[in-house]
Structures are given as C-alpha cells and as structure tokens.
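Throughout, read-outs are computed from the coordinates displayed, never taken from laboratory work. Please read all numbers here as calculations on a predicted model, not as lab measurements. Cβ coordinates were reconstructed from backbone atoms using ideal geometry, including for glycine residues, and neighbour counts include every protein chain displayed.
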Amino acid sequence: MIAFFALILPETFSQSSFLMEIGDVAPQDILAPYSLTYESEVLTEQARQEAANAVSPIFLPTDPSIGRRQVERLRTVLYYLTTIRQDSYASKEEKLGDINALEDVNFSDEIKNRILEISDARWNAVESEATVVLEQIMRNTLRESDIYAAKANIASLIDFSFPQDQAAVVVELVEPFIVPNSLYSEEQTREAKNQARESIEPVIRSFISGETLVRRGQIIREGDWEALRRYGLIQPNNRTQDIIGAGIFTLFLGVLVGLYFTFQKAHENYSVKAVLIIAGTFLVFLVAARFVIIDRTVLPYIFPIAAFSLTLYVIFNFEIAAFLSLILGIMTAYGMPRGFDLTIFYVLPGIIGILVLGKARRISAFFGAGITIGLAGAAIILAYRLPDSYTDWIGIATLSGVSMLNGIGVAGLTLLLQYGFSQILGMTTALQLLDTSRPDHPLLQQILRNAPGSYQHSLQVANLAEQAAEAIGADSLLVRVGAIYHDCGKSLNPHFFIENQIQEELNPHDDIDPIISAQTIISHVTDGVELAKKNHLPNRIIDFIREHHGTMYTHYQYSQAVKEAESASDVDKSLFTYPGPRPQSRETALLMLADGTEARARSEVPQDEEELRSLIDVVFDFYERNGQLDDTNLTLKDLQTVKNSFFQTLMGTYHPRVKYPGLGKPEDEITQKIPEKAGQTSQT
C-alpha cells in the first residue's frame, strides 16, 4: 500500500504541475524549466495521417470478364422476355407478372407494356441494340465513381434511327447491367498509405530553458499538452487510469516479491525482523526517491539508491540484493521522463558495485565500490545522452559529475546502514569481524595474559576451522573470529584447564569434588558469554561460545563421580552437562569439530597418516552419535570435505622433524653423539 501511494502521491503534490486537459485554457504563461528536445508523437502522427490521406485510391486494371458476364446476363434477360412475349396461352396480366419475377431488373409499368406491345421485328432490333450498347459501355474503364455518368450516357449511344419510345426501352434494359469493371483494391491502397506514413520522418520539437510552452489564455492543443506532459507539468483532471495502472503495477511487483521470499524459504531462513527491516528500508528509499526526484533534472542522478543494494549484499547475500535493487529501480523510475534510462542508472551501477565490493573487508573497498558506481553511472549517462543529442556537453558533464558524487555518497551511506542493520538484527559484517579480531582487542589481551595456553589452542583451532569453512563454502572469517574467542571464559579460571597448567604443578581437579570440578570447567562457557557481552562482541560470536561444546558432558569428572558413588543412577548427569545449545549453524559445528579434533590430536600426538585419519574419524563419529550435528545443515559430503581439510591442516602441524643435537656442548661431544642419533626424530 505504501509503495502504491509512493507511485501516485508525489505527482499529486507536485507544485510545478497543472490540472489541465486538451481543450482547456491555460491559466498562466508556462515556461520550459530546462532545455529539451524530443520526438513529438502527436505531430508525427498528424504528419503521417496527412501523408496517408493524400494517397489516391488504387484500382485494379479493367477486367474484361466482368463486361462479358454482364452482356451474358443481359442476353439471358432478353431471351426470357422473348419467351414471355411468344407465350400465346398467357394473358397480359400473367405476362406482366412473369416480367415482375425478374430479379436483376425492375422495369416501370410503361416499359413493361411497351415490351409486350412492340412488334417482333422492332423487338429484335431492340435486343440487338441493347446488347451492342452494353458492350460499348463495358469496353471502357468503369469505376464506382463512373457508373452514374455511364448510365446517363446510354441514350447517346443508341442508334438515332430508333424511335423515342423504343430507345427508352433500350435504356431501361441496359442500365441495370452497367457495373464497375475496374475494382477498388483495398490492400494496395492500404499498402500505399502505409508506405506514405513510413516515409515521414519523426517530428522533433526543441525547447530551450525559459522558452514559453503555452501562453496565458491559450487553448491547450494536443501538441501543447504533449509538450507539457514531457516536462511533467501536466496533471490530468481524471487520474483514474494512472491510479489503476499504478495499482496493477504495484500488485504485480508485490506478487513477484512474495513469490521470491516464498521460494527462498527453502534456502534462506529470513527472520520476521529481517523481513520487516528489509521492507522498511525498501519503502524508505522508494518514498524518499519519489518525492525528491520528481520534476527534477539533476537530483535523480545524485540520489544514492545503490546504497540499498550494497547494504543488502553486505548483510545478506548477492541474490536478494540484486533482486530487490531491480524492483526498487523499476518502481523509482515508474512513470517518469526518461524512465528507462533512470531504471538502468539505478540498477546496473549497484550490481557492478556489489561485484567490486567483494568480501567487504576493508573500508577502502566500500569507497572503491562507490567510485566504480560513479563511473558506471557516468558511462550510462554518456551511453544514453550522447546519441539522442537532447543534452548539450555542459549538461552531460554536470550529470556525470553528479554521478561521481552519488558513488561517494553511496559508499558513506552503506557504511552507516550496514552498521545499523547488524546492530538491529544481531548479525555481523566483515568489518565488525575484522575489528573484533584485532590483537589489541581488550578481551584478546585478557586471554593472552591470563590464559596463554588457551590462546594458542584457540589460534590452532581457528586455523583448522577456517580452512574447513573455505572448503565447504561457509563463512570462513566468521568461523575464525568465533574460534579465537570460543574459550575466552577460561581466562577467569585459567589453571583449571590443562593447556594453561605447568607440567610439574599439581592438577587442582585432583583435590576437589568431581561436581565442583565439572561446574568449574562448564562455567567457562557461561563466563565466556558474560565476558563477550561485557566487551560488546557481536551476537554471532557469542553463539560460538555457547555452542562449541553443545550439550555434551565432562567425561572425566562424570566418570570420577560414578566411581565414588555406589551406582551410576546416584549421579545426576545434568550437573556434568554443558548448557548448550547444540550447534545451530555450519560455522559453529565446524568449531565444535575443530575444537575436539585439535584437543585430541594434541593429546594423542598421532605418529603417521593412518593414526591421524583414524583420530579425525573417531572425533566426527563421536559428535554424530551424540546428535550434536542434528541442528545444522551439514551434509555427508560437507563432513567428508571437512575431514580432508582437517587432515591436510594437521599434517602440516604434526609432521616429523629431525632432532637436532644440543647447543653449547663441546664439538667433540656433539660429534660423538651424532652417529648414535642419526635418523631419530621427535614430534613437535
């Protein structure tokens, strides 16, 4: 509904348009707001109609068969009359009735009586003369317009030896059979008129800025109305057709968008909040554009519509950005002068800007995309303005410069919008992730200082998960940043986690109750969530902290509690279970798999490829059996790809190296020990 009103209201409230129709009187002098040259459809049609009307009708050549047919018909009538005359058994009234039965002729009563009363010799002369006269007439070219004159000329062709009364009989006999023998050719005439119309070149009208279009008191003619319409200065008194057209157009596009989102449910699960934000932003851009650019020459080319496209791409994906930017461009330019040009200007540069923006990981990329959008817009302006010669070079240069400003404005507005969208929807952008992953981030510094072992473990897990994410097409940057922060909660109790313990020190878990031990370990998840919120990490990063252990339990502490209890039923397993939830996305699932694989590999230190592959399979099978991957859309193909990626990455980490002799020992001692250690290796 809002989109519909956006299409019809701006023109209604426009102060520079007039409510006039053809035949109305202009209330004031109306001047051209800017220079314009256009093809006048009205004047062109008038010129073509005049050319078509000037074409004379085209007739076919004289057809002799028509004359022969008419003479034959006359002879048939004469033979019929002769038969009636010779019928000795019929009365005069019966003979007159038979004559009346003729369909081709309609004689007067006087002629009928003469035909019956004339002598046979004179009747034979009448027959012969009628046939000769008709033949003479039909030998000439007769068109529809010639029939009257030919009938009037019958008497002059009759032999002068005929008495007046018998000549009148000949005229009555011949007259009905005079027909055109050169027929009008509608097809050839229509073709000639079409050729005449096509030979007329379009009529071009030109106005310069400030020129009077219509003077006060002047009656609005069709050509005047067209000129005012071209400038967008006309509002018809009855806008019913415009309203119906806008309604149908809006309904069609609305159905198209609805079908798109219905189809996308099978691929992208957009939340209600996301759909509302998209729809609201779309309407804001549409309404603002329609009210700002109506009846303007330069403003349509500076309005930053491409910012809508880039924002949707950064927050969501290319498909929805391209589709909705196309819809927005079409609706914005609907019903406006040069509407097609504007549609291309609004849609194409935005799509090109998206392609240039790429992964949007640098602010410079946004401004690079903005400059590209400006250049693309300038190219479109040149492509459409140069051939038609409607705009001079100063106008083209002005519009091209405005297009460049548009591109810069798009870049700046996109940066603001993508930040606002991400905050409202709880989503992350590449810029946010890069900013969050800076080594000098306060929370990373806390992890590094308090739990250096956990920090190193997180980096190794991040490398492992990032490579796998790239392999299956997941968000690798999100995975890396989420992996770096996933164990941030350990920084509050670092010594309760083995990677932060010194080998010679006592393990604090040996002297405390298994339940307390388990709760301490489990608390690193909830502590991590609190730290993340305190440091304003994005919600998607907090999801990694919550989900990286899913709903698993601490096996070691649970086993210890079972040993100390009389039976397993006496132990509340929920006290040893992580709060979860299970991984809800491919990215958090990759972190769980990478975390478990890296920890097990560090603990067992596989010696060869077979052991490493077996280790990876065990970890994956363990999480799959426990249903930790059920809420993700990882396919079996994805899991196999992730396994291969983990294997390649871990092979680079746990490859064997030569064990070098100790440094600082006497050279002869080193020399003596080298042969004994030759070929020995150690694991890093």
Over region 274-401, volume per residue of the alpha carbon convex hull, in Å³ | 98 Å³
From the square roots a ≥ b ≥ c of the eigenvalues of the alpha-carbon gyration tensor of region 483-603, which class results: rounded (a/c under 1.5), prolate (a/b over b/c), or oblate?
-> prolate
Sort 132-142, 84-94, 108-118 for me by packing, meaning the mean count of neighbouring Cβ atoms within 10 Å per residue, highest on top.
-> 132-142, 108-118, 84-94
For the chain the mean separation of alpha carbon contacts under 8 Å (6+ apart) over residue count, i.e. relative contact order in percent, is 12 percent
Out of residues 5 or more away from THR141 or on other chains, whose amide H comes under 5 Å of its own, with H placed 1.01 Å from N in the peptide plane?
-> none
Of (1) -0.55, -0.65, -0.75, -0.85; (2) -0.38, -0.52, -0.66, -0.79; (3) -0.31, -0.44, -0.59, -0.75, which one was derived for log10 I(q)/I(0) by the Debye sum over Cα atoms at q = 0.05, 0.06, 0.07, 0.08 Å⁻¹ from the structure shown?
-> (1)
With x for Gly and Pro, the residue-by-residue ³J(HN,Hα) of region 587-601, computed from phi through the Karplus equation 6.51 cos²θ - 1.76 cosθ + 1.60 at θ = phi - 60° and given in whole Hz, is 5, 5, 5, 4, 5, 4, 5, 5, 4, x, 5, 5, 5, 5, 5
Pairs of Cα atoms under 8 Å, at least six residues apart: use those to get the relative contact order of region 120-222, whole percent.
-> 32 percent
First select every other residue whose beta carbon is under 12 angstrom from the beta carbon of GLU564; then total the charges, Lys and Arg +1, Asp and Glu -1.
-> -2
Hey, got the dipole for the chain? About the Cα centre, +1 on K and R Cβ, -1 on D and E Cβ, debye to the nearest 20?
-> 1580 debye
Within the P(r) computed for region 103-210, what percentage of the Cα pairs occupies the region above 18 Å?
-> 62 percent
Dipole magnitude (debye, nearest 20) for region 248-427, charges at Cβ of Lys, Arg, Asp, Glu | 400 debye
Based on other C-beta atoms within 10 Å, arrange LYS151, LYS643 from fewest to most.
-> LYS151, LYS643
3J(HN,Hα) from dihedral phi, region 364-369, Karplus parametrisation 6.51/-1.76/1.60, rounded to Hz, x for glycine, proline = 4, 5, 5, 6, x, 5
Rounded to the nearest 10, the angle in degrees between the Cα long axis of helix 667-677 and the longest principal axis of the Cα atoms of the chain comes to 60 degrees
State the answer as a single residue: which of GLY482, VAL571, GLN70 lies farthest towards the positive end of the charge dipole of the chain, with beta carbon charges of +1 for Lys and Arg and -1 for Asp and Glu, about the Cα centre.
-> GLY482
Place +1 on the Cβ of every Lys and Arg and -1 on the Cβ of every Asp and Glu in the chain, take the dipole about the Cα centre, and give the residue among ALA168, VAL214, SER156 whose Cα lies farthest towards its positive end.
-> VAL214
Mean separation of Cα contacts under 8 Å (at least 6 apart) over the residue count of region 440-653, i.e. the relative contact order in percent, is 24 percent
Treating the beta-carbon of each Lys and Arg as +1 and of each Asp and Glu as -1, no other charges, what is the dipole magnitude of region 440-653 about its Cα centre, to the nearest 20 debye?
-> 680 debye
Taking Lys and Arg as +1 and Asp and Glu as -1, residues besides ARG143 with C-beta under 15 Å from its C-beta add up to -2
Per-peptide average of other Cβ atoms within 10 Å, ordering 592-600, 242-250 highest first | 592-600, 242-250
Between SER567 and ARG139, what length comes free when the chain is fully extended (0.36 nm per residue of separation minus the Cα-Cα distance, one decimal in nm)?
-> 141.1 nm
Listed highest first by mean packing, meaning other Cβ atoms within 10 Å per residue, what order do 443-453, 224-234 come in?
-> 224-234, 443-453
